[in-house]
Amino acid sequence: MVTIDTAKCTGCGGCIDLCPVIAISMISDVVIVDNKICTECGICVKVCPVRAPQKTDT
Amino acid sequence: MPKRYDAVVIGAGPAGLMAAKTLAENGFAVALLERKQSIARIRRADGGAIGINEYLYDRLVLFNAHHKKFCFPVDGFSVPYDGPYANIYGFQMYSPGKKRILFGDWEEAKRRGDEVRVGISISKEALLSGLLEDCRCGGVEVFPGINLTDIRKIRDSVLVNGDGQLFEGSFVIAADGVNSRTVRLLGLNTGRKFKGTYRYLTWMLKGAVPVDPGSFNFMVTEKGTYALYDTYEQGVYHVSAFNSDPAADLNESLHDLVYKDKTYAPWFAGCARTEIINCVSNILSPIEVPFKDNVLIIGDAAWIMEFSNMAALCNGWKAGNAVTLALMDRKYNKEGVKSYLEWWKNNFYSPYGRFEFGPMGGGGTILQSYLSSEELDYLASLIDKPLPATMNFFTLFNTLGSAYAELFPRIYDERPEVMDKLFALRNRFDEIGESIRRAGFPNL
């Protein structure tokens, strides 16, 4: 699954905009991944300038 | 049941706020949706500047500090601004060995100040706060913390779903920025040419950096391409690394400049890093007719790249008035907003929509992979007189291009091997552009 390191995330929204399946949204100014929709394509991980999204095994 | 409005505006940046404010002032019921909770807080890297006193997109902005207003004499409106500001006098470009190409006479700038400024750095938060206040006073219903999830036309109006809340409007104005979700949901990105995914990382630094006050600096070092500029707040600087290659580590790139570069790191000694901001921009060709299913697309959402605060405000103002006319004339269709669509085509799309900045805009190390630091120093040192001051990037590119075109015979004479490399770079523009596209992530 993909999680966002909220300590690193600046809230720029780049991952929200580029997620191909629209699995990411901004709730109370924090970026949140809906792992029910996420396909783990990894674009958010690659695109984030501060490397806040992380893929983890579960 | 959805709440019904005359217009729903998506996105509360300068374009959306200006559109909502204009519609409300004209007496219409407006909902303004924004995904951020704290609307005016800037969480995306931004130049924080506005060009004044010179034409950009054939329009002008004047700043009246006494009346606390930006005035737009070409279109005939003004925008209140009572935040802090500082003058900008132009661009400077630095080579790896600190050779400098100047735009503007910096001695003049020190002497004549306001008279020769070409821009001012502003607090974008203050600009947005002022507009938001005007919106609220004018009766705009503001909905923060709403992500757009669906948008569709039903009979004569548009239904907008934001995280399950429904809003209905005769028109929707989409002002949700360079990576617009509205445009994507409407399927309009598929007709656009994708040019790459550009990433920016900015460190906010406090201290004393030895650049000219009011200079907007571009720096090319051995390891990267950077922008460095002071802000409206004295002693606060922004330094940004940018790159069109998603594999590049922007944080490492800024570390290289600020802590390791033998030429530039000393500039930042004693600076404290106070904040990190960043952004990601997908570059797509502009939309010729930014209208579909009663949704009018304005600002960066319909443009090639990040527009400018000035153009965003103009777009919002014009869109607010165009939708007003459509509502007054009861023309709930494309014909109703033709005053905007014609204005867009005549002033933005036709004259500027096909401008190609070329792959150099991608930053990173594209230039450095063709030319050594010594060769870049040589090329920078050839321009020994200041070029005209400007904040207009079209003028900037054209001025620099013609200056070098004149120097080609001299370069060919003095350093034929450098000329060969410049030709090689030029001949590979398409190839470089293609590799930037391939590395990116189109949000089609």
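A residue that is touching a helix residue (DSSP H, G or I) at 6+ places or on another chain (Cβ under 9 Å), over 22 Å from B:ASP245 (Cβ atoms) and at the interface with chain B (Cβ under 8 Å from one of its Cβ atoms) occurs nowhere in the range A:3-20. Considering B:ASN179, B:ASN189, the condition of being part of a helix (DSSP H, G or I), touching a strand residue (DSSP E or B) at 6+ places or on another chain (Cβ under 7 Å) and within 14 Å of chain A (Cβ to nearest Cβ) is satisfied by B:ASN189 alone. Restricting the range B:1-50 to residues that are assigned to a strand (DSSP E or B) and touching a Ser or Thr at 6+ places or on another chain (Cβ under 7 Å) leaves a set whose member that is nearest to B:ILE297 (Cα to Cα) is B:ILE10. Within the range B:262-281, the set of residues being more than 17 Å from B:GLY48 (Cβ to Cβ) and surrounded by 11 or more Cβ atoms within 10 Å (Cβ to Cβ) comprises B:THR263, B:TYR264, B:ALA265, B:TRP267, B:PHE268, B:ALA269, B:GLY270, B:CYS271, B:ARG273, B:VAL280.
Among the residues of the range B:80-103, are any part of a helix (DSSP H, G or I), surrounded by fewer than 21 Cβ atoms within 10 Å (Cβ to Cβ) and on the phi > 0 side of the Ramachandran plot? The answer is no, given that none of the residues of the range B:80-103 is part of a helix (DSSP H, G or I), surrounded by fewer than 21 Cβ atoms within 10 Å (Cβ to Cβ) and on the phi > 0 side of the Ramachandran plot. The one condition from (1) in a helix (DSSP H, G or I); (2) assigned by TED's automatic domain parsing to the domain that holds B:VAL79; (3) free of Cβ contacts under 8 Å to residues at least 12 places away in the same chain that B:PRO266 does not meet is (2).
Scanning the range B:276-304 for residues that are of a type in the set (A, V, I, L, M, F, W, C) and within 14 Å of chain A (Cβ to nearest Cβ) turns up B:ILE276, B:ILE277, B:CYS279, B:VAL280, B:ILE283, B:LEU284, B:ALA301. Taken over the range B:192-228, the criterion of being within 14 Å of chain A (Cβ to nearest Cβ), in contact with a Pro (Cβ under 8 Å, 6 or more places away or on another chain) and surrounded by fewer than 20 Cβ atoms within 10 Å (Cβ to Cβ) is satisfied by B:PHE194 alone. Filter the range B:149-176 for residues that are within 13 Å of another protein chain (Cβ to nearest Cβ) and surrounded by 20 or more Cβ atoms within 10 Å (Cβ to Cβ) and give the result. B:ILE151, B:GLY162, B:ASP176 - these are the residues of the range B:149-176 that are within 13 Å of another protein chain (Cβ to nearest Cβ) and surrounded by 20 or more Cβ atoms within 10 Å (Cβ to Cβ). In the range B:159-174, is there at least one residue being β-branched (Val, Ile, Thr), modelled with pLDDT of 95 or more and in contact with a Phe, Trp or Tyr (Cβ under 7 Å, 6 or more places away or on another chain)? Yes, the range B:159-174 contains a residue that is β-branched (Val, Ile, Thr), modelled with pLDDT of 95 or more and in contact with a Phe, Trp or Tyr (Cβ under 7 Å, 6 or more places away or on another chain). Return yes or no: is B:ILE10 under 19 Å from the mean Cα position of the chain (by Cα), farther than 28 Å from B:GLY139 by Cα and at pLDDT 95 or above? No: the conditions fail for B:ILE10. The condition (being more than 10 Å from the chain's Cα centre (by Cα) and surrounded by fewer than 17 Cβ atoms within 10 Å (Cβ to Cβ)) is satisfied by just one residue among A:ASP34, A:ASP29, A:ASP5: A:ASP29. Of all residue pairs spaced 6 or more apart or on separate chains, those with beta-carbon atoms under 8 Å, a first member in the range B:193-216 that is within 22 Å of A:THR10 (Cα to Cα) and a second member that is among the acidic types (Asp, Glu) and not in a loop (DSSP other than H, G, I, E, B) are B:TRP203/B:GLU275; B:MET204/B:GLU275. Checking each residue of the range B:199-212 against the condition of being farther than 18 Å from B:CYS271 by Cα, touching a strand residue (DSSP E or B) at 6+ places or on another chain (Cβ under 8 Å) and not in a strand (DSSP E or B) gives no match.
In the condition set (1) away from every other protein chain (no Cβ under 14 Å); (2) in contact with a Ser or Thr (Cβ under 7 Å, 6 or more places away or on another chain), B:VAL142 is compliant with all but (2).
The values are calculated or read from the model by the stated rules, or taken from the named source; none is laboratory data. No experiment lies behind these values; they were computed from the predicted model shown. When we count neighbours, we look across all protein chains shown, and the Cβ atoms used for this are built from the backbone with ideal geometry, even at glycine.
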